[in-house]
Amino acid sequence: MMRRVEWPVLLVLVAMLFNAVWLWPELQTGAPSQNDTAFHALMITQASAALASGSSVVDFWIPQLGFGYPQFLYYQHAPHVFVVGIHRLLGGSVELLSVFHTVRWLLLVTFPLTVYWSARRLDLSAREAAVAAATSSLLSGDARFGFEYNSYVWRGFGMYTQLWAMHLSFIATACVYRLMRDGTGYLRSIVVLIVLALSQLLYAYMTALTSVMLLLMGDAPSRWPVRAARLGMIGSVSLLATAYMTVPFLSLNAYLSTFPRLPGATGGLSAISAGWASTSLLDHERWPVLTGLLIIGIAVAVWQGARERLRGRVLLPGGFLLWMLLCFGGDAATSTMRGLGLYGADVSYRFIGGVELFAILLMGVGGGWLWDRIASASFISGLSSNAGWRVAGGAAVGGVLVLLWLTPAFVERAGYYRTNARWINETSSALRENIDLQGLLSTIAQDGGGRVYAGRPNNWGANLRVGPVIRVTDVIKSRVMPALVPPYQGLSLNADMAWQFDDGNAAHYDLFDVRYVMVPSDAQVPAFLQPFLATTEYAVLRAQTTGASMWVSVSDRRAVSSQRELMIGNREWLHSGAPARRSVIRWDYANDESGALARDAASRCPQMGSLADGYVGFDSMVVRTRCDDAGTVMFKSSYHPNWRVTVDGNPVPTFMVSPAFLAADVPAGEHVLKAEYVPTAGKHALLLMGGVVLLIAVFTRDELDRVPRWLMRRVGGPAN
């Protein structure tokens, strides 16, 4: 006779096996991605290169990202560094991107196990936890960027860091719940919160807000001080350990472009009602099987919480309601979040993750309640006269019927994954067979620098495809080639310029150092583009550019106080005649008012001087200049205050010129000009401090609860 607990475990294993089989094609590396997976692959590749070159792996320049950007200075990076670390531990025996895709696949496969463990820690029964686990990877939410696997797979959005956060949010919620209730698991909670913050900063904010909800709703007010002290203890240690990321982020956030607001997000009570009433929340275009479990789960949790005074049950619908309000509340939700000081950008649509976390737990409650009712139903008693067999039979019948209830969701997900696998295979085959494209890109890479342009998604580039869904630009990205393409993420101050590029304007090619243009073989192209390579399907043309830097004339100097002003000014400048004249605007932005040479002296070298690229690396550039007068050299790379420029080894001030590029003044004569990206001052010291703080927490983990207990004794409440 099987023990009762093994049937729930079997249900979890079924869900994991389903994911393992249907998502096996995700392990393929032969199909370049058209989504954020390409963005994360680039960061992993460049982090590995930075480590190999001795550069900082937590703060380095990525030249292929738009016009260059120090992504890890502003972006969570633990999931990427983890892949690089595994690759190093394996001695390089497994290809780097194979390690990446294996990690992605394992995270997708094991999510039900994470949910099961977390749900048990949150005091759900084994059956409830098993149903929650089984439903966790079956969500279908109409591309809401939430926990549905559309957010992660090849045909979806490729949100790799959120895939980590999905696991860690459940684990962190469970750990914090147990810690505040029992005073145990300090080290576990600290480590999980640190990794979560370094994996997905937004989800760390969301977990912080959920933790406050757990504090206020999880126990009587008399115990709030001790629970708050425990939460404050792990929060303080986590903040200190992650200060190496957050402090530089906050000090230099003026150079982080804010995300644009998504259109049509009005919010309000009507939006909340619509979001709840629609089966697209969990069951887009299929039978509302998960929605049904959610409704049952809410009813059961509320009833049990009221009837049996189980505060843990009240937490689940309370958390679900909280995140529904913040996700679908629109402007009101955004204002609330800003008022709490938790997050300033318009990202309420991403709060769907909080909604789905509690929805999964509530579905577990609903499914567990059905399972229990079936297992104890009167018809089960006729299965056997043996009481033990009746219990086992009831558990088995209940588990099978719950699985049948979920069958429409499994079928719909299988269909989605079947198309995903077909597209991956067709893309891999098409790319292998396209020998011409591979040869052209290899020749371009060997020819000697400059960016590649193969159109944009909103022009003829949309039709330059390989296979069913990816474009030639996606193939170029996968080869880590410098290119002018719309950015993966618009974090740099000039990211918008890729959309403003005029492919009929010769001055734009020089400005952005676009030397190669790939078009269909029969395309009509501007006369200034010269033939370079050709096949029956493609043509590659070359544009004359001055290289990775140029002499410019500083014709105006303006102070701007906002990113909006800067963006509008750069757009207007770009579409004027100024780029053709090599006439730029110097921007005084973010209190950057370093000195400069006189404007009349800086205006003569565009016609009189010479300039040659000596070296262009991933985090440094060397230029040899000659001019009889002083002048200004602009590097065709995004400006950032971490750039250091030297003339013949002597530091010179840097400044921003349109379109938010790096520039420096150069005295008359022949000189060697070097620009080098330098990691943020103090970042590594903060990283060392964080390591020391974490080490102290490891050795004092058994003593960390003394402060909360002392506080509880001071206020006269129970110490546990």
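Residue-by-condition table, conditions (1) over 30 Å from Ala254 (Cα atoms); (2) surrounded by fewer than 18 Cβ atoms within 10 Å (Cβ to Cβ); (3) of a type outside the set (A, V, I, L, M):
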site: Arg451; (1), (2), (3): no, no, yes
site: Val475; (1), (2), (3): yes, no, no
site: Met481; (1), (2), (3): no, yes, no
site: Trp499; (1), (2), (3): no, yes, yes
site: Arg515; (1), (2), (3): yes, no, yes
site: Pro520; (1), (2), (3): yes, yes, yes
site: Gln524; (1), (2), (3): yes, yes, yes
site: Phe528; (1), (2), (3): yes, yes, yes
**Prompt:** Which one of these does Pro25 not meet: (1) closer than 22 Å to Ser638 by Cα; (2) in contact with a helix residue (DSSP H, G or I) (Cβ under 6 Å, 6 or more places away or on another chain)?
**Reply:** (1)
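Residues checked against (1) more than 26 Å from Tyr116 (Cβ to Cβ); (2) of a type in the set (A, V, I, L, M, F, W, C):
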residue: Pro25; (1), (2): no, no
residue: Gln28; (1), (2): yes, no
residue: Ala50; (1), (2): yes, yes
residue: Gln71; (1), (2): yes, no
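To keep it simple, each residue is scored yes or no on (1) open to solvent by 10 Å² or more (accessible area, probe 1.4 Å); (2) small (Gly, Ala, Ser); (3) in contact with a helix residue (DSSP H, G or I) (Cβ under 9 Å, 6 or more places away or on another chain).
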| site | (1), (2), (3) |
| --- | --- |
| Val397 | yes, no, yes |
| Leu401 | yes, no, yes |
| Glu412 | yes, no, no |
| Gly439 | yes, yes, no |
**Fill in**
Per the filter on the range 72-109, residues surrounded by 18 or more Cβ atoms within 10 Å (Cβ to Cβ) and of a type in the set (S, T, N, Q) are Gln76
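Test Gln162 against the criterion of being modelled with pLDDT of 95 or more and surrounded by 22 or more Cβ atoms within 10 Å (Cβ to Cβ), and give yes or no. Even if it seems obvious, please write down each step before you answer.
Values: modelled with pLDDT of 95 or more: yes; surrounded by 22 or more Cβ atoms within 10 Å (Cβ to Cβ): yes.
Here the answer is yes, as Gln162 does meet what is asked.
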**Complete:** The lone condition Asp142 fails out of (1) under 29 Å from Ala41 (Cα atoms); (2) surrounded by 21 or more Cβ atoms within 10 Å (Cβ to Cβ); (3) not polar (S, T, N, Q) is (2)
**Complete:** Of those in the range 40-57 that are surrounded by fewer than 22 Cβ atoms within 10 Å (Cβ to Cβ) and not small (Gly, Ala, Ser), the residue modelled with the lowest pLDDT is Leu42
**Matching residues, the range 91-138, being part of a helix (DSSP H, G or I) and free of Cβ contacts under 8 Å to residues at least 60 places away in the same chain** = Leu96, Val99, Val103, Leu106, Thr114, Trp117, Ser118, Arg120, Arg121
**Complete:** Thr258: passes all of (1) assigned to a helix (DSSP H, G or I); (2) within 24 Å of the chain's Cα centre (by Cα) but (1)
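Report, by residue number, each residue of the range 701-720 that is open to solvent by less than 50 Å² (accessible area, probe 1.4 Å) and at pLDDT 65 or above. Break it down into steps so the answer makes sense when it comes.
Narrowing the range 701-720 to residues open to solvent by less than 50 Å² (accessible area, probe 1.4 Å): 704-705, 708, 712, 717, 719.
Scanning the range 701-720 gives Leu704, Asp705, Pro708, Met712.
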**Request:** Please give the strands (runs of 3 or more DSSP E) falling wholly within the range 618-681 in which 2 or more residues are more than 25 Å from Ala578 (Cα to Cα).
**Result:** 620-627, 643-647, 650-652, 669-677
**Request:** Go through the residues of the range 113-120 one by one and say whether even a single one is farther than 26 Å from Val9 by Cβ and either surrounded by fewer than 24 Cβ atoms within 10 Å (Cβ to Cβ) or among the basic types (Lys, Arg) (or both).
**Result:** no
**Fill in**
Within the range 494-527, the count of residues that are among the charged types (D, E, K, R), under 16 Å from Ala548 (Cβ atoms) and in a loop (DSSP other than H, G, I, E, B) comes to 1
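The values are calculated or read from the model by the stated rules, or taken from the named source; none is laboratory data. Keep in mind that this is a model prediction, so the values were computed, not measured. Neighbour counts run over all protein chains shown; Cβ positions are idealised from the backbone, glycine included. SASA here: full protein model, heavy atoms, side chains in, ligands and nucleic acids out. Shrake-Rupley method; radii C 1.70, N 1.55, O 1.52, S 1.80 Å.
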